[in-house]
């Protein structure tokens, strides 16, 4: 797949969010131990950052093709049958993700005027995490399907980009 290197936009974003999560959790720890004034908003912010990080990381998992798979059937299939199975699975996954993207988009619109309890943001910011992540997943799965159709074999991630 073109653009396959060791690092990606999704990986960088998930890493930055993880570092932000660590910082917010440290604020909570120091606030509860008396070193800093306790901030009530840190708990909700930590939850929001975690949700964004987890969803964005799914795009990275798809890029590297490291998601969990049931390999019992795939292990016994060889050659063309294995290629067809993985391509069909990816096509179904792509269709389901597109449908969930639409549902996520509708959820963002529906929650646009709701305000979070402590953060003074619209709840839509939290619910936008899935549609944003779904775009990355769709991009990566579509790229993997394209790669599989061109090379006529299941995709295997190579961090150096040498297929």
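Read-outs: derived from the displayed coordinates by stated rules, not from any lab. Computed from a prediction, not measured in an experiment: that's the story for all the values here. With ideal geometry, Cβ positions are generated from the backbone for all residues, glycine too; neighbour counts draw on all protein chains shown.
Compared with the dominant principal axis of the Cα atoms in the chain, helix 41-64 is inclined by about 10°.
All Cα-Cα distances of the range 50-93, cut into 10 Å bins from zero to the largest, leave 23, 45, 23, 9 percent in each bin in turn. Computed from the coordinates I sent, percent of Cα pairs over 24 Å apart equals one of (1) 70; (2) 48; (3) 39. Tell me the label. Of the listed options (1) 70; (2) 48; (3) 39, (2) comes from this structure.
When you restrict to C-alpha pairs under 8 Å that are six or more residues apart and normalise by the size of the chain, the relative contact order lands at 33 percent. Spatially, the range 113-145 and the range 75-98 are offset by 26 Å when compared through their Cα centroids.
Largest GNM mean-square fluctuation across 87, 107, 118, computed for the chain with C-alpha springs under 10 Å, falls on 118.
Divide by every residue of the chain the summed helix terms, -39500 (n - 2.57) for each DSSP H run of at least 4, and state the resulting mean residue ellipticity at 222 nm, rounded to the nearest 500 deg cm²/dmol.
-24000 deg cm²/dmol
Quick one: helix 129-151 against the long Cα principal axis of the chain, what's the angle to the nearest 10°, folded into 0 to 90? Rounded to the nearest ten degrees, it is 20. Shown for 89, 49: other C-beta atoms within 10 Å of each C-beta, ranked fewest to most, produce the order 89, 49.
Counting neighbouring Cβ atoms within 10 Å and putting the fewest first, the residues 60, 115, 75 line up as 75, 115, 60.
Using only Cα atoms and rounding to the nearest 10 degrees, what angle (0 to 90) does helix 9-33 make with the longest principal axis of the chain? That helix lies at roughly 30 degrees to the long axis. Stretched out straight at 0.36 nm per residue, the stretch from residue 135 to residue 91 would grow longer than its current Cα-Cα span by 14.3 nm. Between 140, 47, 32, the Gaussian network model of the chain with springs among Cα atoms under 10 angstrom shows the greatest mean-square fluctuation at 32.
Extension gain for residue 25-residue 73 works out to 13.0 nm (0.36 nm per residue, less the C-alpha to C-alpha distance). For residue 43 and residue 6, the FRET efficiency from 1/(1 + (r/R0)^6), where r spans their Cβ atoms and R0 equals 30 Å, is about 0.30.
Going 7 Å from the Cα of residue 119 in the Cα-to-Cβ direction, what parts of the range 29-44 have a backbone nitrogen less than 13 Å from that spot? Taking a point 7 Å out along Cα→Cβ of residue 119, the residues of the range 29-44 whose backbone N falls under 13 Å are 41-44.
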